[in-house]
Amino acid sequence: MHSIPSNTLHPLFERHQKEYEQKALDVLRSGFYIMGEELAAFEKEFAAYCGAKYCVGVASGLDALWIAMHLLGIGAGNEVIVQGNTFIAGVMGISKTGATPVFAEPDGHFAMDPSRLEALLTPRTKAVLVTHLYGMMTPMEPFVSFCEKHGLRLIEDCAQAHGAKYGGKSAGSFGDAGCFSFYPTKNLGCFGDGGAIVTDDKTLAEKIRIFRNYGSEKKYYNSVAGTNSRLDELQAGLLRVRLGHMDELNDEKNRIAGRYFAGIRNRKILLPSPAEDTENVWHQFVIRCEERDRLQQFLADRGIGTMIHYPVPPHLSGAYAHLGLGPGSLPVTERLADTVLSLPSFIGLTEEDQTYIIDAVNAF
Ligand SMILES: Cc1ncc(COP(=O)(O)O)c(C=O)c1O
């Protein structure tokens, strides 16, 4: 009997195990664990990877979103437009600033539908937060021009899209700030929690550097009431190792996606549809099926693990019940939540196992 998990990190770790272990030892022996050389080097390397001028490491993807929006002047009384079909962290980043999330429906590529923006604009709108969901890049042009036209901030949630591109330009380099998570399962993941903000805005980068470290530029002199949100030396060092292999790892994700595209032939299944002029990094490979729950069980019966990203859209979660958006308020988003299914697409998934998955999906 086959047993293919929905995800596993073992093959990914084992592929470059010696390098990770050596780096961990080096950092442990260095006697310096917070805000040192590894972080400074990683920030430089990751900014270059994203085609941005600056990168500031923080403690998580949620912190990256919250801190970037807060320091861009978003707060109580403001509204931020965010897509309905996103991971809830983006919405929590907005509400942590004191602002109110306003949900936009997605288009046929799982991305925010730019034709919905105008209708959601109010005098309180301060920003748009775009998520490059599943590693599929959002075509950014309409969002850049909408935000320019209305004097809004543009923030990108790139937690699932390290290295994705639109028109040859990287995720995170289109808006005022690009926010990344390095949660272990991300395309660029660390071995704990971590995150970063990339930007071309020098003043914003400086503000983030100060804010993440108790609002202090100089030790024990605190100019603003900041927070403790630092990417530690161990994680930064391990991220540098992984970053060195990013192209190889994203290529493998692409090959896995390519095999699904070539092999899945079932009229009950809708394959993902990347937007034009995008290079995608396939954080998840997400199919759609009207009989999603039955398909999930059918695959489970054949030893194939799958996941649902995400079963409850943020506007229907208990956390945002106070917004009063009941079922039916975002029909496109809710249809996706009821029909999406993520197939295994982890680094190290063998061709043989993938053929077995494809055959099972086609047999459904
Ligand atoms: C789209 C998206 N945004 C934000 C986050 C938050 O990142 P973190 O878990 O590092 O806070 C995640 C992942 O967890 C995510 O998938």
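The values are calculated or read from the model by the stated rules, or taken from the named source; none is laboratory data. Here the structure is a predicted model, which means the values were calculated and not measured. Using ideal geometry, Cβ is built from the backbone for each residue, glycine included, and neighbour counts are taken over all protein chains shown.
Let me confirm something: among ASP251, ASP301, which residue is closer than 29 Å to LYS18 by Cβ and assigned by TED's automatic domain parsing to the domain that holds VAL332?
None of the other options fit; the residue is ASP251.
Please enumerate the residues belonging to the stretch 66-104 that are β-branched (Val, Ile, Thr) and away from the ligand (no atom under 11 Å from the Cβ).
ILE67, ILE74, VAL80, ILE81, ILE94, THR97, THR100, VAL102
Each row is one residue, and each column tells you yes or no for (1) touching a Leu at 6+ places or on another chain (Cβ under 8 Å); (2) within 15 Å of the ligand (Cβ to nearest atom); (3) in contact (Cβ under 8 Å) with a residue 60 or more places away in the chain; (4) more than 19 Å from ARG335 (Cα to Cα).
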| residue | (1), (2), (3), (4) |
| --- | --- |
| GLY108 | no, no, yes, no |
| ARG116 | no, no, no, no |
| ALA119 | no, no, no, yes |
| ALA127 | yes, no, no, yes |
| THR138 | no, yes, yes, yes |
| CYS147 | yes, no, no, yes |
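Kindly indicate whether any position in the stretch 159-178 is under 24 Å from HIS322 (Cβ atoms) and at pLDDT 95 or above.
Within the stretch 159-178 (the criterion being under 24 Å from HIS322 (Cβ atoms) and at pLDDT 95 or above), the answer is no, since none of the residues qualifies.
Out of the stretch 147-161, which residues are in a strand (DSSP E or B) and surrounded by fewer than 24 Cβ atoms within 10 Å (Cβ to Cβ)?
Passing the criteria: ARG153, LEU154.
Let's see how each residue does on (1) over 16 Å from the mean Cα position of the chain (by Cα); (2) crowded, with 20+ Cβ neighbours inside 10 Å; (3) among the β-branched types (Val, Ile, Thr):
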position	(1), (2), (3)
PHE143	yes, yes, no
GLY172	no, yes, no
ASP247	yes, no, no
ASP251	yes, no, no
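Of these, GLU38, GLU45, which one is more than 16 Å from the ligand (Cβ to nearest atom) and surrounded by fewer than 24 Cβ atoms within 10 Å (Cβ to Cβ)?
From the options GLU38, GLU45, the qualifying one is GLU45.
Take the stretch 149-191 and flag every residue that is more than 20 Å from ILE81 (Cα to Cα), more than 10 Å from the ligand (Cβ to nearest atom), of a type outside the set (Ser, Thr, Tyr) and touching a strand residue (DSSP E or B) at 6+ places or on another chain (Cβ under 9 Å).
HIS162, GLY163, ALA164, LYS165, GLY167, GLY168, LEU188
Given the criterion touching a strand residue (DSSP E or B) at 6+ places or on another chain (Cβ under 6 Å) and more than 30 Å from ALA104 (Cα to Cα), identify the matching residue among ASP251, ASP247, ASP232.
ASP232
Select from the stretch 275-295 the residues that are under 11 Å from PHE110 (Cβ atoms), in a strand (DSSP E or B) and more than 16 Å from the ligand (Cβ to nearest atom) and list them in ascending order.
Once the filter is applied, which keeps residues that are under 11 Å from PHE110 (Cβ atoms), in a strand (DSSP E or B) and more than 16 Å from the ligand (Cβ to nearest atom), the stretch 275-295 yields only ARG288.
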